[in-house]
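As structure tokens, the structure follows; a few thoughts come after it.
The values are calculated or read from the model by the stated rules, or taken from the named source; none is laboratory data. Keep in mind the model is a prediction, meaning the values are calculated, not measured. Neighbour counts are summed over all protein chains in view; Cβ atoms, including those assigned to glycine, are modelled from backbone coordinates with ideal geometry.
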Amino acid sequence: MDPAIVDRAFAPVGPFVVTAAKVAEFARATQWRGAGVPPTFPILLLNDAMLAFLADVGAPLERIVHGEQRFAYQRPITVGDELTAALRVASLRSLGGADVIGTVSTITDASGAIVCEAKATLVHSGATEEGAA
Amino acid sequence: MSAETTFEPQRFILTRADLVRYAGASGDFNPIHWSDRVAGAVGLPGVIAHGMLTLGLVGSAIAAWTGGAEVVELGAKFTAPVVVPDDETGVVVEVAATKVSSDNGLMTIAMEVRCADAKVLGMPKATVRA
């Protein structure tokens, strides 16, 4: 993968309106045993941001394994929030023939305030000789 | 948070139907989470659960333990696959708290997350507002 992707900021995804129905669907799918919005809910936006990024660099989805995920919240997400996610590539290293891509996504609300920062490590295996980017 | 908060291990069952439900709810349609053909072709032992589904179950365990306390931080490494067979039984994912500490109004919970005999997450940890 082209090292030039490091520090590149990709186009933000959103705004994504948090609805009670979407929260309920996600809560059911994660066997949620609480009230409110599950803490992994922003993956909805992050998936879109990551898909756009992977399409941009030409990495096929089935060659991607999620290596690590962290969320750091400034405030809880609530129904009615309008969220936007901006992804940038923070690091890129090679490990045993795979590309290990560190991404940081900043999730902001309609006022532009940061709600959550999400760090993901994506492992791109089976990279071809000519590279995907 | 109530004084009688306990940290009993939380058990979750995952079947193929649960993976399909999570794919739909999350928008992650990577075929390694629903196609044996694709999972095998990329060298996986079988269809595997989304790492974020497993982390979602961790979030659920935390909610159960803390009565829905506000999560400030949550994270883990996805170190081993949760292989979900195409049968009625599925697999059990168990989330156990290994260390709980409180400081400055925040509670940090370190965990161990297992499927069968294997640890599937690396250093799963959460911080909640106590």
Might you let me know whether segment B:16-28 holds any residue that is farther than 26 Å from residue A:52 by Cβ, part of a loop (DSSP other than H, G, I, E, B), of a type outside the set (Asp, Glu) and more than 17 Å from the chain's Cα centre (by Cα)? no
Single residue of segment B:32-41 satisfying the filter (modelled with pLDDT under 95 and surrounded by fewer than 17 Cβ atoms within 10 Å (Cβ to Cβ)) that is farthest from the other protein chains (Cβ to nearest Cβ): B:40
Segment A:81-102: number of residues that are among the charged types (D, E, K, R), crowded, with 17+ Cβ neighbours inside 10 Å and modelled with pLDDT of 95 or more: 1
So, residue B:73, is that one among the acidic types (Asp, Glu) and within 8 Å of chain A (Cβ to nearest Cβ) or not? yes
Out of curiosity, is residue B:96 aliphatic (A, V, I, L, M) and assigned to a strand (DSSP E or B)? yes
It is to be established whether one or more residues within segment A:23-38 are out of contact with any helix residue (DSSP H, G or I) (no Cβ under 7 Å at 6 or more places or on another chain), outside any helix (DSSP H, G or I) and surrounded by fewer than 20 Cβ atoms within 10 Å (Cβ to Cβ). yes
For segment B:42-62, name all the residues that are crowded, with 21+ Cβ neighbours inside 10 Å and not in a helix (DSSP H, G or I). B:47, B:48, B:49, B:50
Looking at A:85, A:55, A:59, A:110, which is the one that is touching a strand residue (DSSP E or B) at 6+ places or on another chain (Cβ under 7 Å), more than 7 Å from chain B (Cβ to nearest Cβ), outside any loop (DSSP other than H, G, I, E, B) and over 30 Å from residue B:7 (Cβ atoms)? A:85
What number of residues within segment A:26-52 are at pLDDT 95 or above, more than 7 Å from chain B (Cβ to nearest Cβ) and in contact with a strand residue (DSSP E or B) (Cβ under 9 Å, 6 or more places away or on another chain)? 1
Does segment A:58-72 contain at least one residue that is surrounded by 17 or more Cβ atoms within 10 Å (Cβ to Cβ) and free of Cβ contacts under 8 Å to residues at least 24 places away in the same chain? yes
Spot the failing condition for residue B:111; the list is (1) part of a strand (DSSP E or B); (2) more than 17 Å from residue B:8 (Cβ to Cβ), and only one is missed. (2)
Which condition number in (1) out of contact with any Asp or Glu (no Cβ under 8 Å at 6 or more places or on another chain); (2) surrounded by 15 or more Cβ atoms within 10 Å (Cβ to Cβ) is the one that residue B:117 fails? (2)
Across segment B:1-31, what is the total count of residues that are farther than 29 Å from residue B:107 by Cα and either at pLDDT 95 or above or more than 10 Å from chain A (Cβ to nearest Cβ) (or both)? 10
